[in-house]
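See below for the structure under consideration.
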Amino acid sequence: MRFILLGPPGAGKGTQAVRLAERFNVPHVATGDLLRFAVEWKTDIGKLAKSYMDEGELVPDEIVLELLRTRLSRADSADGFVLDGFPRNPAQADALEANLKEIGQKLDAVVSLEVPDDLIVQRLSSRWSCATCGRTFNRPHDAGGTCPYDGMTLFQRSDDRPEVIRKRLNVFHAQTAPLIAYYEKRGLLVHVDGVGTLDEVEERIAKALEAAKA
Ligand code: AMP
């Protein structure tokens with residue numbers, strides 16, 4: 001199964017991608033995670049990407065495409081993957097299509113995970129993450145605390161500040177939302193309501209994917 005989770009920041013793509021990767025036994029490929037690792041390790045790519053990420057802007061396509069190509073050339077993604085946070089604009093979608101064609105693969109489906117903007121701002125400004133286990137928790141903006149699983153101090157992503165959240169949402173509507181029509185035209189798009197419990201949303205996505213694959 002090869003599919004994309006498309007949706008605004010805070011729609012739950014990352015959380016659902018982890019669940020679906022396990023369910024369909026495919027790797028979870030998240031360009032945001034690849035970029036954050038690069039920033040943390042201060043690689044050349046990380047140094048280039050950091051300022052864009054801090055501002056909530058898209059990192060230039062060449063950088064992201066290079067990271068993605070390297071990741072998809074690993075053996076574990078030969079039989080499938082779930083893409084989270086990529087593509088973010090039509091140029092990236094074209095590059096992905098060409099890349100997959102070259103290796104004789106194609107997408108099975110693109111899931112548009114839909115959540116209203118006001119709920120997103122609320123979700124992201126109360127998102128706390130654990131650097132050790134990667135879990136995220138919903139806590140008031142100034143609460144923080146430690147991870148109930150491993151005791152690590154929780155942190156807030158630097159781009160989850162309210163002004164950057166607004167910026168990321170604007171970038172989504174201007175640059176990424178056109179991909180909905182892009183994939184609709186190719187007959188790959190499925191719409192899924194992203195409001196509900198994690199289990200409910202996972203079931204909706206899994207059903208939509210199974211129907212698309214059938
Ligand atoms: P995410 O974790 O997907 O919300 O991504 C965090 C940040 O990484 C975004 O705000 C962008 O700055 C950058 N980023 C992640 N994926 C991409 C992509 N496909 N194209 C450009 N920038 C990206």
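The values are calculated or read from the model by the stated rules, or taken from the named source; none is laboratory data. Since this is a predicted model, take the numbers as computed values, not measurements. Methodologically, a virtual Cβ is constructed for each residue, glycine included, from the backbone with ideal geometry; neighbour enumeration extends over all protein chains shown.
For the range 8-57, filtering for residues that are modelled with pLDDT of 95 or more and on the phi > 0 side of the Ramachandran plot leaves 2.
Being loosely packed, with under 14 Cβ neighbours inside 10 Å, of a type outside the set (Gly, Ala, Ser) and part of a helix (DSSP H, G or I), is that true of even one residue in the range 3-23? Yes, that holds for at least one residue.
From the list Asp79, Asp54, Asp84, Asp94, which one is surrounded by fewer than 15 Cβ atoms within 10 Å (Cβ to Cβ) and within 11 Å of the ligand (Cβ to nearest atom)?
Values: Asp79 fails: within 11 Å of the ligand (Cβ to nearest atom); Asp84 fails: surrounded by fewer than 15 Cβ atoms within 10 Å (Cβ to Cβ); Asp94 fails: within 11 Å of the ligand (Cβ to nearest atom).
That would be Asp54, the only listed residue that is surrounded by fewer than 15 Cβ atoms within 10 Å (Cβ to Cβ) and within 11 Å of the ligand (Cβ to nearest atom).
Taking the criterion of being out of contact with any Asp or Glu (no Cβ under 9 Å at 6 or more places or on another chain), more than 19 Å from Leu72 (Cβ to Cβ) and of a type in the set (Ser, Thr, Tyr), the only residue of the range 16-61 that qualifies is Tyr52.
In the set (1) surrounded by 21 or more Cβ atoms within 10 Å (Cβ to Cβ); (2) touching a Lys or Arg at 6+ places or on another chain (Cβ under 9 Å), the condition left unmet by Gly46 is number (1).
Scanning the range 58-73 for residues that are in contact with a helix residue (DSSP H, G or I) (Cβ under 7 Å, 6 or more places away or on another chain) and within 12 Å of the ligand (Cβ to nearest atom) yields a total of 9.
Yes/no matrix, rows are residues, columns are (1) touching a His at 6+ places or on another chain (Cβ under 9 Å); (2) under 17 Å from Val190 (Cα atoms):
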residue	(1), (2)
Ser73	no, no
Asp84	yes, yes
Pro87	no, yes
Ala91	no, no
Asn99	no, no
Glu102	no, no
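Just for strands (runs of 3 or more DSSP E) wholly inside the range 63-138: which have at least 2 residues that are within 28 Å of Ala174 (Cβ to Cβ) and at pLDDT below 95?
Details: elements: 81-84, 109-114, 127-129, 136-138.
Counting at least 2 such residues, we get 127-129, 136-138.
Figure legend. Inter-residue proximity from the range 16-32: first residues more than 13 Å from the ligand (Cβ to nearest atom), second residues among the aromatic types (Phe, Trp, Tyr) and at pLDDT 95 or above, beta-carbon distance below 9 Å, spacing 6+ or different chains. Indicated pairs: Leu20/Phe3; Ala21/Phe81; Phe24/Phe3; Val26/Phe3; Val26/Phe81; Pro27/Phe81. Glu114 meets each of the listed conditions (1) loosely packed, with under 15 Cβ neighbours inside 10 Å; (2) of a type outside the set (Lys, Arg); (3) more than 13 Å from the ligand (Cβ to nearest atom) apart from (1). Taking each residue of the range 156-167 that is of a type in the set (Gly, Ala, Ser) and looking for partners that are assigned to a helix (DSSP H, G or I) with beta-carbon atoms closer than 9 Å, six or more apart or interchain, yields Ser158/Met53; Ser158/Asp54; Ser158/Val164.
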